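Below you'll find the structure, written out as structure tokens, and then a few comments.
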Amino acid sequence: MTTLPAPRCLIAEDEPLLAAGLRADLAALWPALVVAAEVGDGASAVAQALAWRPEVCFLDIRMPALSGLEAAQALAEDWPEGVPFPLLVFVTAYDQYALQAFDAQAVDYLVKPLDRQRLAACVARLQARLADRAPAAEALQQTVAQLRTLLGAAPPQAGATRLTVIQAQTGNLVRMVPVDEVIYFEAADKYVRVVTAEREHLIRLSLRELLPQLDPAVFWQVHRGTVVQARCIASARRDDSGKAFLSLHGRPETLVASRLYAHRFKGL
Amino acid sequence: MPTEASLPSTAVPAPAVSRPWRGLLFTSVLCIAIAVVLTVLDRGGFGTKLVYSFAIGLSCWAVIDGMRIAVNGLVRRARRRRGETPDGPDFLVGWRGMLPLALLAMLFGPPLGLTVGDALTGGRSTSLLQFGATSTRLTLAFSIIGTLASVFVVSTLERLAAARASAERAQRVAAEAQLRLLQSQLEPHMLFNTLANLRVLIGVDAARAQAMLDHLNAYLRATLSASRAVQHPLADEFARLADYLALMAVRMGPRLQVRLDLPEELARLPVPPLLLQPLVENSIKHGLEPQVDGGRIDITARRVGQQLVLAVRDTGAGPGAAATCTDTSGGFGLVQVRERLATVYGGRASLTLQAAGDAEGGTLATLHLPLS
């Protein structure tokens, strides 16, 4: 057995004192652990984790730009093939729904204020998991399954009404696009691209705000940034990495279904 | 977390004003009294007089309360059929509602009662149409007096019961509003994050930790007493906001900048305690926290004519972000401020929320309060 290189971690926490506190506590409990990156928002957490590929990520749940859960989702979708997926530890002050979901899961979570003994138990668990590391693909599979449960555990949006027509504005012109003519929606920064057979529109709304207004039986989320009308999917071809490539009726382009959602495309 | 949802519902069952047994009890007492009086006046048998007295009294009561129960039952059923809540206001309640019933009772009660009495005693009373007969005059006089007395007593009892029920309801609504205010101010996420920061500070900078604890003490004390005190000076309001913002400044570090501007001559003006708190919290939560680089909060007080103008402005995400935010508690904060304004100032105060119309962007919340 060869000596493993020192494990590295990423700390994503928007409150500077709390990040410093976690770093200090980890230094005392796990001197070998190297803090590869310390970031204050979810988008930087994804970028830095993809760049450094740490073994462990501590993700605060409530952060600007992307929440800890959204960052985890982005990592699971974009993580390169063959590299061990990081062990995720979520940190939260008070998010009941998230805690309930974690309880049933193997991913660890910590509650603020961090208690030394609890952190020590978490470190022991992480060390055991790293020493007995499952093959990369298997670990990713496991995390993907856990994230699926977590994302499904988010509270449903109350009082959301279903959209029937989308009002897309360009200049002074407002186009009325019936929702059932939309082939797919795609997130583009703070906008959403609305794609029909003939044309595409931009609407000033995030996908997160749009999703609760769509019927989940009709419009399937296939990626954190893509929602497709199921009847417009002509075929799905799965590849070894767990993704699926979707060809469409009425559009020439191919869409990608991420690891988190590709399980929907199984033969009957 | 939608904390409002966990509160008990404000729905209070409609006060059971028309309690038939009250009228029945009073009618029985009245019937015995009338039988006694008649026995003394007429020197007849008390038993027979009691039977007739009860027969007539209960007939009158049956007309009044029977009609009331039937009418209100029909009204409820009609409401239910129209999809409304069945527990609306009852009809035929109080003096005005009961008088037409009393007239009906005086018309139909005595002949009905005499018929029943005849059947029970096997006797044969003088027809009530013979107005000259002494017995007819006595029967009608006692029926009218009895019915009116009964209507008066029952309607008075009902009025008292309704007043008591509405006082209880008002008290309950006030207690719930107080609890909601407290829950919104002691938001667990804020509290535990503050404690987490404090825990770290104790280890690295004890003096700063003590200062933070002082701010937390002042903030908690103000929050707990805010629901009791009616007004406090504007200077105190600014001091409590400064405590809260000092806590947030420790948490957010350089991402939060604060400017407070209270002119000396306005410092002693009275305002409802922690009125601005929900607006400042909204600025932090929906304006600055979602921004990677944070921003600035300006809180100002000005006098414009006969109005005190308080403004909370941030350089954050702008009002659109709060409106579409998935968390509903932001909207709840504004509702709460508007409710308090309406309670304290009636229609003379206002709250507006708009995009801060300059290059720095963000949201501007403005309160206009009357000075007198």
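Once phi is turned into ³J(HN,Hα) by the Karplus curve 6.51 cos²θ - 1.76 cosθ + 1.60 with θ = phi - 60°, what whole-Hz value does each residue of the range A:224-231 show in order, with x for glycine and proline?
Residue by residue, the range A:224-231 yields 4, x, 9, 10, 10, 6, 4, 6 Hz.
Principal axis lengths of the range A:188-268 from Cα atoms, whole Å, largest first?
Principal axes ranked by extent give 36, 25, 22 Å for the Cα atoms.
Could you work out, residue by residue across B:189-202, how many beta carbons of other chains sit within 10 Å of that residue's beta carbon, and then give the average as an integer?
On the way: counts 7, 2, 2, 6, 10, 4, 3, 12, 7, 2, 8, 12, 3, 1.
Mean shielding count: 6.
Taking the Cα atoms of chain A, what is the range of coordinates along each of the three principal axes, in descending order and whole Å?
Computed over chain A, the largest-to-smallest principal extents equal 61, 38, 30 Å.
With each run of n ≥ 4 DSSP H residues scored as -39500 (n - 2.57), what mean residue ellipticity at 222 nm is computed for chain A after dividing by its residue count and rounding to the nearest 500 deg cm²/dmol?
-9500 deg cm²/dmol
For B:C60, A:C57, what ranking results if the residue with the fewest other Cβ atoms within 10 Å of its Cβ goes first? Don't skip to the answer; put the middle values down first.
Working: B:C60 31, A:C57 26.
By the 10 Å Cβ count, ascending, the order reads A:C57, B:C60.
Once you place label points 7 Å from the Cα toward the Cβ at B:A70 and B:L157, how far apart are they in nm?
Using points 7 Å along Cα→Cβ, the separation is 2.3 nm.
Among B:S28, B:S283, which comes first, second and so on when ranked by fewest other beta-carbon atoms within 10 Å?
If I rank by nearby Cβ atoms, fewest first, I get B:S28, B:S283.
Distance between Cα centroids, the range B:199-272 to the range A:243-268: provide it in whole Å.
So the separation of the two Cα centres works out to 53 Å.
Percent relative contact order of the range A:117-260, based on C-alpha pairs within less than 8 angstrom and at least six residues apart?
15 percent
Would you calculate a helix-derived [θ] at 222 nm for chain B, using -39,500 (n - 2.57) for each DSSP H run of n ≥ 4 and dividing by the full residue count, to the nearest 500? Don't jump to the answer; show the numbers that get you there.
On the way: 10 runs with 225 residues, N = 372.
It comes out at -21000 deg cm²/dmol, rounded to the nearest 500.
List the trypsin sites (Lys or Arg not before Pro) within the range B:187-292 that fall in a DSSP loop (any state other than H, G, I, E or B) and whose Cβ has at most 16 other Cβ atoms within 10 Å. Could you put the intermediate results ahead of the total?
Values: sites: B:R199, B:R208, B:R221, B:R228, B:R240, B:R251, B:R255, B:R259, B:R268, B:K285; in loops: B:R228, B:R268.
Taking the range B:187-292 and a limit of 16 other Cβ atoms within 10 Å, the loop trypsin sites (Lys or Arg not before Pro) found are B:R228, B:R268.
Give the relative contact order (percent, whole number) for chain A; include only Cα pairs under 8 Å separated by 6+ residues. Provide the component values of the computation, followed by the final result.
Numbers: 426 pairs, mean separation 31.1, N = 268.
It rounds to 12 percent for chain A.
Between B:R172 and A:Q213, with labels modelled 7 Å along Cα→Cβ, what's the label distance in nm to one decimal, could you check?
In this crude label model, B:R172 to A:Q213 measures out at 3.8 nm.
Over chain B, what lengths in whole Å, largest first, do the semi-axes of the equivalent ellipsoid take, defined as the square roots of 5 times the eigenvalues of the alpha-carbon gyration tensor?
So the three semi-axes of chain B are 71, 19, 19 Å.
Check the straight Cα-Cα distances from B:K49 and name the aspartates and glutamates below 15 Å, setting aside those fewer than 8 residues away within the same chain.
B:D118
For chain B, return all DSSP H helices satisfying: extent of Cα atoms along own axis at least 30 Å; mean Kyte-Doolittle hydropathy at least 1.6.
Sorted by number, the helices that extend far enough and score high enough are B:20-42.
Determine, for A:H223, B:H232, the number of other Cβ atoms within 10 Å of each Cβ, and report the residues in order from fewest to most. Could you put the intermediate results ahead of the total?
Working: A:H223 22, B:H232 19.
In order of increasing Cβ crowding within 10 Å: B:H232, A:H223.
In whole angstrom, and with the biggest value first, how far do the Cα coordinates of the range A:8-152 range along each principal axis?
Computed over the Cα atoms, the extents are 34, 31, 29 Å.
Could you give the nm distance between label points at B:L260 and B:D42, where each point is 7 Å from its Cα heading toward the beta carbon?
Each label point is offset 7 Å from its Cα along the Cβ direction, giving 8.5 nm.
Diagonalise the Cα gyration tensor of the protein assembly as shown and give the resulting equivalent ellipsoid semi-axes, square root of 5 times each eigenvalue, largest first, whole Å.
70, 34, 26
Sort the following peptides by mean Cβ neighbour count (other Cβ atoms within 10 Å, averaged over residues), highest first: B:108-115, B:356-363.
B:108-115, B:356-363
Within 10 Å of each Cβ in A:249-257, how many Cβ atoms from other chains are there, averaged over the peptide?
Values: counts 0, 0, 0, 0, 0, 0, 0, 0, 0.
If you average over the peptide's residues, the count of other-chain Cβ atoms is 0.
Nearest 20 debye, what's the magnitude of the dipole of the protein assembly as shown about its Cα centre given +1 on Lys and Arg Cβ and -1 on Asp and Glu Cβ?
That gives the protein assembly as shown a dipole magnitude of about 2520 debye.
Readers should treat all values here as calculations from the given coordinates under stated rules, not as data from a laboratory. Since the structure is predicted, the reported quantities are computational estimates derived from the model, not experimental observations. Note: ideal-geometry Cβ built from the backbone for every residue, glycine included; neighbour counts use all protein chains shown.
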